[in-house]
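Participant: Have a look at the structure that comes next, please.
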Amino acid sequence: MAAPVCSIGEQIGLPLVMIEVPFHVFLRLGLGNGSYLNWDIYLKNNGIKVDDNQYRQLYHFDKETSKAAGYLRPLTRPEMLALEYNAVGVALEGSG
């Protein structure tokens, strides 16, 4: 789960944030002066060389949709927790 990873990053001083695209989240490491490195375990090479335009192509949305839906921006702590709690709820429901 990404929220605990972000919390660990916060504790040791790594600027990690969770980023959302349609039905998917990944981590982004801030490298300073506006540059960043995407880290996505579900993509080839951990998605390290995948930029925002490639995410738009992979998940079929444009810049306007991205802005309107809030995709490709760092999630707030409450948003991260909401996604995590939802995932736990789905898993619990699936297990009966």
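Participant: Say we look at segment 6-22 and pick out the residues that are within 21 Å of R77 (Cβ to Cβ) and in a loop (DSSP other than H, G, I, E, B); which of these is nearest to the chain's Cα centre (by Cα)?
Facilitator: P15
Participant: Which of (1) of a type in the set (G, A, S); (2) within 16 Å of the chain's Cα centre (by Cα); (3) part of a helix (DSSP H, G or I) does G30 not meet, given it meets every other one?
Facilitator: Going through the list (1) of a type in the set (G, A, S); (2) within 16 Å of the chain's Cα centre (by Cα); (3) part of a helix (DSSP H, G or I), G30 breaks only (3).
Participant: Can you find a residue in segment 33-46 that is under 15 Å from E84 (Cβ atoms), within 15 Å of the chain's Cα centre (by Cα) and surrounded by 12 or more Cβ atoms within 10 Å (Cβ to Cβ)?
Facilitator: no
Participant: Quick one: L92 ticks every box in (1) more than 14 Å from the chain's Cα centre (by Cα); (2) at positive phi; (3) part of a helix (DSSP H, G or I) except a single one, so which number is it?
Facilitator: It fails just one condition, (2).
Participant: Within segment 83-96, track down each residue that is of a type outside the set (F, W, Y), surrounded by 10 or more Cβ atoms within 10 Å (Cβ to Cβ) and farther than 18 Å from L16 by Cα.
Facilitator: N86, A87, V88, G89, V90
Participant: Checking the conditions here, which among P15, P22 is touching a Gly at 6+ places or on another chain (Cβ under 6 Å) and surrounded by fewer than 18 Cβ atoms within 10 Å (Cβ to Cβ)?
Facilitator: None of the others qualify; the one that does is P15.
Participant: Among what's in segment 63-89 and is assigned to a loop (DSSP other than H, G, I, E, B) and either in contact (Cβ under 8 Å) with a residue 40 or more places away in the chain or in contact with a His (Cβ under 9 Å, 6 or more places away or on another chain) (or both), pick the residue that is farthest from S35 (Cα to Cα). I'd like the intermediate steps shown before the answer.
Facilitator: In the first step, residues of segment 63-89 are kept if they are assigned to a loop (DSSP other than H, G, I, E, B); the result is 70-73, 75-76.
If we keep only those that are either in contact (Cβ under 8 Å) with a residue 40 or more places away in the chain or in contact with a His (Cβ under 9 Å, 6 or more places away or on another chain) (or both) as well, we get 70-73, 75.
Numbers: G70: 19, Y71: 18, L72: 14, R73: 13, L75: 17 Å.
The selected residue is G70.
Readers should treat all values here as calculations from the given coordinates under stated rules, not as data from a laboratory. What you are looking at is a predicted structure, and each value in this text was computed from that prediction instead of being measured. FYI the Cβ positions are ideal-geometry reconstructions off the backbone, even for glycines, and counts take in every protein chain you see.
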